[in-house]
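Readers should treat all values here as calculations from the given coordinates under stated rules, not as data from a laboratory. As the structure is a computational prediction, the values presented were derived from the model and not from experiment. Virtual Cβ from ideal backbone geometry, glycine too; neighbours counted across all protein chains shown.
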Amino acid sequence: MITVLSGGTGTPKSLENDYFSGVYVSADIDTVLYTMADMINDELWYGVKDDTFITHERLEEIGCPELLRIGDIDRATKIQKTQLMERHGLKRACEIQAKNMGIESKVIPMSEEYSDIKIVTDIGELEFHDFLIKHQSQPKVLDVKFSKVSPTEGIIETIRNSRAVIIGPSNPITSISPILSLEGVREALKDTYVVAVSPIIGSNAVSGPASKFMEALNVEVSSVGVAQLYKDFLDNIVIDDKDSSLNSQLKQIVNKVTITNTIMNSLDAKKNLAQIIIDCIP
Ligand code: GDP
């Protein structure tokens, strides 16, 4: 078994874990489910491809505008998740939905508890989605805070029983740090082979606000900074060809450095990167 730690897979989807229009929106989990079920809108990496927006438009017409544009099929998933969650909790809700979508892999939310990310900025403390959407990630970031929650039952065992853990190019501060802060996760990762793909090329994130968050937390905005965040458990960092000059510096932090094209701008590029990650696993 191979485990992948994932937060968002793109800025708009990071509107994780909140209620909108009465439905629970765990956008990141839904993105994982839709991706694995081949239903994802892969232009936005949010919602379902070819979805319709009849409910969203009608809500606007009758005076209930939504911050999020939720499609009809996507909304059905969210309505079902809300109902299942109330009865069985989030982990079981995800299990049931994954099964319904024909997904064989396990998709496990990091916690049954509400995990809240706050961005402390020069204009005040903002909810993560307000920072991203309403303020378009523009304010100066001073700090990033998230609530301490308990890991979902079985997460630690899942990591420990994995042949390897892959951390894809994810925002290390808002997507991965909350997972790493769960009790027992870092320790379990130390005992498992971990490969991480750097989301930073040169001194910038490929997309999204990761650089801003790293800067605010005094983490060097580079693959070296990413390696430092993961250094207690990381075995192999995959960096882009453009950063090959960081090789020797990185080798002082991580056992193995893999250099390749990490820009996933085509299906071939994605497949190549996936193959390289798999080949990294001993
Ligand atoms: P976000 O920061 O809100 O987008 O949250 P995510 O956890 O989804 O972060 C995705 C991370 O992946 C961002 O920090 C991007 O810099 C990075 N990223 C996006 N596309 C690519 C890519 O094609 N290659 C690499 N190496 N990184 C990417």
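Using a/c under 1.5 as the rounded threshold, could you call segment 48-181 rounded, prolate or oblate? The axes a ≥ b ≥ c are square roots of the C-alpha gyration tensor eigenvalues, and prolate needs a/b larger than b/c, oblate otherwise.
Because a/c hits 1.5 or more and a/b fails to exceed b/c, segment 48-181 counts as oblate.
Just to be sure I understand the model, the point goes 7 Å from the Cα along the line to the Cβ. What's the resulting residue 261 to residue 73 distance in nm?
Taking the two extended label points, one gets 3.0 nm.
All other residues with a Cβ under 13 Å from the Cβ of residue 83 taken together, and with Lys, Arg as +1 and Asp, Glu as -1, what is their net charge?
Its environment carries a net charge of +4.
Report the relative contact order of the chain, percent, no decimals, based on alpha-carbon pairs under 8 angstrom and at least 6 residues apart.
Relative contact order of the chain: 15 percent.
As I understand it, the dipole of the chain uses +1 on the Cβ of Lys and Arg and -1 on the Cβ of Asp and Glu, about the Cα centre. Which of 129, 33, 227 lies farthest toward its positive end?
227
Excluding same-chain pairs closer than 8 in sequence, count the lysine pairs in segment 188-282 whose Cα atoms lie under 20 Å apart.
Count of close lysine pairs: 9.
Report for segment 62-210 the percent antiparallel among DSSP-assigned beta bridges with both residues inside it, nearest 5.
75
Tell me the mean residue ellipticity at 222 nm calculated for the chain from its helices only (DSSP H runs of n ≥ 4, each -39500 (n - 2.57), averaged over every residue, nearest 500).
The helix-only estimate for the chain comes to -9500 deg cm²/dmol at 222 nm.
May I ask what percent, to the nearest 5, of DSSP beta bridges between residues of the chain are antiparallel? Don't jump to the answer; show the numbers that get you there.
Details: 15 of 31 bridges.
Counting only bridges with both partners in the chain, antiparallel ones make up about 50 percent.
Sticking with the crude label model, points 7 Å out along Cα→Cβ, report the distance from residue 38 to residue 140 in nm, one decimal please.
My value for the distance between the label points is 5.0 nm.
Between the helical axis of 27-36 and the dominant principal axis of the chain, each derived from Cα atoms, what acute angle in degrees is found, rounded to the nearest 10?
Helix 27-36 sits at roughly 80 degrees to that axis.
Using alpha carbon centroids, what distance separates segment 27-79 and segment 179-222, in Å?
28
Taking the Cβ of residue 202 as the centre, find all other residues whose Cβ is under 11 Å away and add up their charges (Lys, Arg: +1; Asp, Glu: -1).
Charge balance in the 11 Å sphere: -1.
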